[in-house]
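Right, one structure below, let's go through it.
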Amino acid sequence: MNVMTWSRQRTGFVLLVALGLLAPFVIYPIFLMKALCFALFACALNLLLGYAGLLSFGHAAFFGGAAYVTGYVMTVLSWPVEAGLLAGTVFGLLLGVVFGGLAIRRQGLYFTMVTLALAQMVFFLCLQIKATGGEDGLQGIPRGALFGVLDLNQSLNLYYVVFAIFLAGFVFIYRVVHSPFGNVLKAIRENEPRAISLGYNAERHKLVAFILSAGLAGLAGSTKAIVFQLASLTDVHWSMSGEVVLMTLVGGMGTLFGPVVGAVFVVSLDHLLAPFGSWFTVVMGVIFVACVLLFKKGIVGSLRWPSKPARTSSADTPAATA
Amino acid sequence: MFEWLGISAQGLYGQILIGLINGSFYAILSLGLAIIFGLLNIVNFTHGAQYMMGAFVAWGAANYLGLGYWWALLLAPLVVGAVGILIETTLLRRLYQSDHVYGLLLTFGLALVIEGGFRQAFGISGERYEIPEELQGATHLGFMVLPNYRAWVVLASATLCLVTWVLIERTRLGAYLRAGTENPNLLRAFGVNVPLLVTLTYGFGAALAGLTGVLAAPIFQVNPTMGTNLLIVVFAVVVVGGLGSIIGSIITGIGLGLVEGLTKVFYPEGSAVVIFVAMAVVLLLRPNGLFGKGK
């Protein structure tokens, strides 16, 4: 990372924090919180897709599964909100260990198909078992008070808690990406055999990235469950996995801010097209096609200065392990 | 025979038959995916939507044009294949230089467009499609009552698999296809029009999915979401069997269909997830799949 990138990232980060702090005074907080949950979800996916080059089409399992866990422990077991968030995140991590362990046994497109199939299994389990409430999902999840003090039924309180969770996740991903671990991850993405020949255990690095990504997706899902007081089958459906891939793709795979921009874009689109039924799905599909054909770098990826020839080749094929 | 388990013989044979039918659908769809993957290096996420379109062509032909089932069997593969050729020449072709992942994302986007469009036009409640007159009724076999239409589907799917196998393994065109899968540049050097071959292959794969949709239409409801849900199961089948072998696709598809059918008899709650569990077990024991060389 050169000095210019770093200063730009710092500017971006300051801008992000400032916008996040001021936004609820201008925009409806529930909408913002939805955008933040999805932004964290997309950042989690981007850690895997953008930096490890692994396309998971099953992240809805972590997101939606964690939402169910949080909902269950808070409604049925009456756990406090911090314990609920923790439970959902831990669930995401554990499920990530299982799914990641299975999926990294295959590479490229098979990896994607394995994640999709495993997530579909979670969908059917959520549909069938009693604890998840079947078609109704879990409704009326209490928001409670954070550490017993901060009343989360106040929407501004809730907003800043959600924003803090998002920022924590964002900074965590930043630290991971710019750590030696993150560099090895990028090396594996670019050229796995060479990374292995240099003595790195590619499988273990990929697995750790998968688990971290799953845990963060779980945190995003848990937060979403508290914001909307609802965990439903929509959260574990394959179209949710597709939506988060689209957010990352639109914003720019392998860029730090891309998934945030992409999430805001897709959530706004969802909001605008909500009255038009299935047209949202159609428009989403069209954007997928347009991004893949014309706009592979995404919004943030295209904003980068084109003066770094060494990196442009990697930005063209961020997922080059297939 | 299984009465002591509380299961009637009729129920058992019935579920085996359904398993066989589902299995044949898995087999044909994974066969189509394998053919397309071999030459185009793309996992065709639109496959499910193409299967659904086949069913809708049959339903539309009956409702708007008054054309029956047998016409639909001819019409659906032609229409769906033509749409497939259009997709390949206008969109997919631009991606052959890019990473494989983009092909998957593009076909996923197309699946969303098609599925969303059909949902907007026809709703999600589903449409009934009648069994053709010639195949209504059932035959008493002594040990079970065999619905004629289901017998026909098993027969037709088996024929379809066989014809595809012969086409690929025993004809000149099939030899080109196999050669193109191995090394497209070398094949091109021999004067074969590889881009045309690629287009036809994608069209053929799509047509196969469309034809399967017609076969399925009288059994399941004709529904915009029928394709993608099935496709995800087929992906699990593909992970188990690998995309490298035609026979492998057929055996795995039918085998897993039977496993699913038997699960419905002995442990109905598990039938929705049994194929995914089977996939997980295979990944643990044989990471490269039952027939795969690994990739």
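We did not get these values from a lab; they are worked out from the coordinates using the rules stated. Just so it is clear, the model here is predicted, and its values are computed rather than measured. As a convention, Cβ positions derive from the backbone with ideal geometry for all residues, glycine included, and neighbour counts pool all protein chains shown.
Tabulated data for the structure shown
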read-out: From the options B:L283, B:L256, residue that is buried (at least 21 other Cβ atoms within 10 Å of the Cβ) and facing another protein chain (nearest Cβ under 8 Å); value: B:L283
read-out: Matching entry among B:A62, B:A55 (being crowded, with 23+ Cβ neighbours inside 10 Å and either touching a residue at least 24 places away in the same chain (Cβ under 8 Å) or more than 30 Å from B:Q97 (Cβ to Cβ) (or both)); value: B:A55
read-out: Residue identified as over 14 Å from the mean Cα position of the chain (by Cα) and farther than 21 Å from B:G23 by Cβ among B:F190, B:F143; value: B:F190
read-out: Some residue of region B:234-243 being assigned to a loop (DSSP other than H, G, I, E, B) and over 18 Å from B:W59 (Cα atoms); value: yes
read-out: Among the candidates A:G92, A:G71, A:G84, A:G53, residue that is at positive phi, surrounded by 24 or more Cβ atoms within 10 Å (Cβ to Cβ), touching a residue at least 40 places away in the same chain (Cβ under 8 Å) and not hydrophobic (A, V, I, L, M, F, W, C); value: A:G53
read-out: Tally, over region A:278-293, of residues that are more than 7 Å from every other protein chain (Cβ to nearest Cβ) and either outside any helix (DSSP H, G or I) or touching a residue at least 40 places away in the same chain (Cβ under 8 Å) (or both); value: 2
read-out: Count of residues meeting criterion [surrounded by fewer than 22 Cβ atoms within 10 Å (Cβ to Cβ) and either assigned to a helix (DSSP H, G or I) or facing another protein chain (nearest Cβ under 10 Å) (or both)] in region B:286-295; value: 6
read-out: Complete set of residues in region B:92-135 that are touching a helix residue (DSSP H, G or I) at 6+ places or on another chain (Cβ under 7 Å), of a type outside the set (D, E, K, R) and surrounded by fewer than 18 Cβ atoms within 10 Å (Cβ to Cβ); value: B:G117, B:Q120, B:I131, B:P132, B:L135
read-out: Residue match in region B:183-206 (condition: within 23 Å of B:A76 (Cα to Cα), among the aliphatic types (A, V, I, L, M), crowded, with 21+ Cβ neighbours inside 10 Å and out of contact with any strand residue (DSSP E or B) (no Cβ under 7 Å at 6 or more places or on another chain)); value: yes
read-out: B:P224 more than 8 Å from chain A (Cβ to nearest Cβ), outside any helix (DSSP H, G or I) and surrounded by 24 or more Cβ atoms within 10 Å (Cβ to Cβ); value: yes
read-out: Unique residue being more than 14 Å from chain B (Cβ to nearest Cβ), touching a residue at least 24 places away in the same chain (Cβ under 8 Å), closer than 21 Å to B:H100 by Cα and within 17 Å of the chain's Cα centre (by Cα) when the list is A:T255, A:T248; value: A:T255
read-out: A:I129 vs. criteria closer than 25 Å to B:N288 by Cα and either among the aromatic types (F, W, Y) or within 13 Å of another protein chain (Cβ to nearest Cβ) (or both); value: no
read-out: Number of positions in region A:95-125 that are more than 8 Å from chain B (Cβ to nearest Cβ) and out of contact with any Gly (no Cβ under 9 Å at 6 or more places or on another chain); value: 6
read-out: Residue within region A:133-152 that is within 11 Å of another protein chain (Cβ to nearest Cβ), in contact with a helix residue (DSSP H, G or I) (Cβ under 7 Å, 6 or more places away or on another chain) and either surrounded by 22 or more Cβ atoms within 10 Å (Cβ to Cβ) or in contact (Cβ under 8 Å) with a residue 40 or more places away in the chain (or both) present; value: no
